[in-house]
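What follows is a set of notes on a single structure, which appears directly below.
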Amino acid sequence: MLGLFVDDANAELVKCTDQSRRFRRQRAVEIVERLNSISIAVEFTAVESAAGSGSIGRPHIAKALVEHGAAATIDEAFRRFIGVGKPAFVPKLTVGAEEVISVVHRAGGVAILAHPGSYRWSWRRCQEGIRTLADLGLDGFELVHPSYTSNARKKFKGLIDEMGLLPSGGSDFHGPPVGTTRLGEYAVSLQWLEALREAATSHRANIHSTEENV
């Protein structure tokens, strides 16, 4: 879930993101333990070093695996060890969707679902998931993403129009050396940007109105 135009100093948002960082760290520890159990002696300190001051994720574990010599590339590390269904994979711990959407709104932002077309979902399940999230207050989802085919984008555009949600998108750039896309390689229209900005302004107005009435 993406929070766009948020006040990044908002206390609730900071608390929620801190919790998410703890979940990610706990998951990383468990993944390293599984790697060690299959005789890959990568150390958690190497993962921390790869992450630096950022939130720990699987790409950092993959980088540590490459540096350790267990894999030649980041992609190989995912394919052999830490991807879904692989020996060291651990499911992600997450904050609940309803709470995340609510926190994003109270931080004055818009809640956007990241690239639903890249999930391992059937089209029916994807529609159902988006509708459920929309009932919880989801503002929109990514309609532009490197993984989308033209057919997938057409189907998602129809769903956007049908449900009255906001389109967004981007390159999904996570920084080198992760992935093949580059920052700014995928863009959205100015019209989409302004619609997202207006929705964020509306959420902030609702917050102020509620605070004044308390």
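Read the figures in this text as sums done on the coordinates, not as results from a lab. Since the model is a prediction, treat every value here as computed from it, not as a measurement. Note that each Cβ is placed from the backbone with ideal geometry, even for glycine, and that neighbours are counted across all protein chains shown.
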When the chain is fully extended, how far beyond the present Cα-Cα distance does K92 get from Q26, taking 0.36 nm per residue of separation? 22.8 nm
Given 0.36 nm per residue, what is the gain on full extension from T73 to S122 after removing their alpha carbon distance, in nm? 14.7 nm
How large is the convex hull of the Cα atoms of region 64-111 per residue, expressed in Å³ as a whole number? 118
If you average 1/r across every pair of different Cα atoms in region 1-89 and take the reciprocal, what Kirkwood value do you get, in Å? 13.9
DSSP beta bridges in the chain, what fraction antiparallel, as a percent rounded to 5? 35
I'd like to compare 34-41, 62-69: which one has the highest average count of other Cβ atoms within 10 Å, and what's the full order after that? 62-69, 34-41
Counting pairs of alpha carbon atoms under 8 Å apart in space and at least six apart in sequence, what relative contact order in percent does region 1-158 give? 28
List the residues whose amide H sits under 5 Å from the amide H of L143, counting only those 5 or more places along or on another chain, with H placed 1.01 Å from N in the peptide plane. S168, G169
Would you mind getting the Kirkwood hydrodynamic radius of the chain from its Cα pairs, rounded to one decimal in Å? 19.0
Measure nothing fancy, just the Cα-based angle from helix 97-106's long axis to the longest principal axis of the chain, in degrees from 0 to 90, nearest 10. 60
Could you give the length gained on full extension between K154 and H208, defined as 0.36 nm per residue of separation minus the Cα-Cα distance, in nm? 15.7 nm
Output for region 38-83 (equivalent-ellipsoid semi-axes, sqrt of 5λ from the C-alpha gyration tensor, Å, descending) is 16, 11, 8
Value at 222 nm in deg cm²/dmol, rounded to 500, when DSSP H runs of n ≥ 4 in the chain each add -39,500 (n - 2.57): -16500 deg cm²/dmol
Arrange the peptides 160-166, 106-112 so that the one whose residues have, on average, the most other Cβ atoms within 10 Å appears first. 106-112, 160-166
In degrees rounded to 10, the 0-90 angle between helix 150-163 Cα long axis and the longest Cα principal axis of the chain is 40
L136 versus R197: modelled label distance in nm, points set 7 Å from Cα along the beta carbon direction: 2.9
Let me know the shape class of region 96-213, please: from the alpha-carbon gyration tensor, a ≥ b ≥ c as square roots of the eigenvalues, rounded when a/c is under 1.5, otherwise prolate if a/b is greater than b/c, or oblate. prolate
Against the longest principal axis of the chain, how steep is helix 58-68, in degrees 0 to 90 to the nearest 10, with axes from Cα atoms? 20
